[in-house]
1. Taking only region 91-139 into account, find how many residues are modelled with pLDDT of 85 or more, open to solvent by less than 70 Å² (accessible area, probe 1.4 Å), part of a helix (DSSP H, G or I) and not aromatic (Phe, Trp, Tyr).
2. Please work out if residue 75 is at pLDDT below 90 and within 24 Å of residue 106 (Cβ to Cβ).
3. Quick check: is even one residue across region 50-59 part of a helix (DSSP H, G or I) and surrounded by 19 or more Cβ atoms within 10 Å (Cβ to Cβ)?
4. Is it the case that region 30-37 has a residue that's open to solvent by less than 40 Å² (accessible area, probe 1.4 Å), of a type in the set (Val, Ile, Thr) and closer than 16 Å to residue 120 by Cα?
5. Restricting attention to region 15-42, which residues are in contact (Cβ under 8 Å) with a residue 60 or more places away in the chain and closer than 20 Å to residue 114 by Cα?
6. Give the residue, chosen from 16, 22, 63, that is charged (D, E, K, R) and outside any helix (DSSP H, G or I).
7. Go through region 25-44 residue by residue and tally those that are in a helix (DSSP H, G or I) and out of contact with any Lys or Arg (no Cβ under 9 Å at 6 or more places or on another chain).
Amino acid sequence: MPLVTISQLRASFGLDESVPDDQLALSVSRAEEQIRAWAGDEAYADAQQASPQDALRAYALQDAVRSLAIYYALPNLSLRIAGGVAQAVSMPGGYSVSDLSPSELRRRRADYLAAARQAVRPYLIDGASLSSAGIIIRA
């Protein structure tokens, strides 16, 4: 069972139905894989339960997955092709991803990555490093 569903990701970031489910599913899957690597199988499995033993940790891991999923998704959200027409994807706050400069896109992605790291930091397993996770910030 995923920690974050496609519907939850859409609701969290105001993503409309023009963004294909499979694109978001890939971003969520990548995010969950990374969060599991940082927090460990035991914490991740507990967070998946309907009544987790550590509800605060479960919420933090879900928050981390949401933030990391949008981090992964943003570069591909710039334009969606619908009916042969390119459409900008709107985000909360009234901006369109395609309106962002490359530096602004990098900054927003860095913010989402920082939020994910902050949420998972208290739950890192021994040997896990937030700085050596192999995540590269680029537009």
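1. Qualifying residue count for the region: 9.
2. Details: at pLDDT below 90: yes; within 24 Å of residue 106 (Cβ to Cβ): yes.
The answer is yes for residue 75.
3. Of region 50-59, the ones part of a helix (DSSP H, G or I) are 55-59.
Pick out the ones that are also surrounded by 19 or more Cβ atoms within 10 Å (Cβ to Cβ) and you get 57-58.
Yes: one or more hits.
4. We begin by selecting, within region 30-37, every residue open to solvent by less than 40 Å² (accessible area, probe 1.4 Å); these are 31-32, 34-35.
The next check asks that each one be of a type in the set (Val, Ile, Thr); those that pass are 35.
Next cut, closer than 16 Å to residue 120 by Cα only: 35.
Within region 30-37 (the criterion being open to solvent by less than 40 Å² (accessible area, probe 1.4 Å), of a type in the set (Val, Ile, Thr) and closer than 16 Å to residue 120 by Cα), the answer is yes, since at least one residue qualifies.
5. Here is the first cut: in region 15-42, the ones in contact (Cβ under 8 Å) with a residue 60 or more places away in the chain are 15-16, 18-20, 31, 34-35, 37-40.
Passing the criteria: 31, 34, 35, 37, 38, 39, 40.
6. Details: 22 fails: outside any helix (DSSP H, G or I); 63 fails: outside any helix (DSSP H, G or I).
After ruling out the rest, the residue left standing is 16.
7. So the first thing to find is which residues in region 25-44 are in a helix (DSSP H, G or I), and the list is 25-39, 41-44.
Now drop any that are not out of contact with any Lys or Arg (no Cβ under 9 Å at 6 or more places or on another chain), which leaves 25-27, 29-30, 32-37, 41-42.
Within region 25-44, residues that are in a helix (DSSP H, G or I) and out of contact with any Lys or Arg (no Cβ under 9 Å at 6 or more places or on another chain) number 13.
The values are calculated or read from the model by the stated rules, or taken from the named source; none is laboratory data. Given the structure is predicted, the values throughout are model-derived calculations rather than measurements. Reconstructed Cβ throughout: ideal geometry from the backbone, glycine too, with neighbour counts over all protein chains shown. The accessibility values were calculated without ligands, DNA or RNA, using every heavy atom of the protein model including side chains. Shrake-Rupley method; radii C 1.70, N 1.55, O 1.52, S 1.80 Å.
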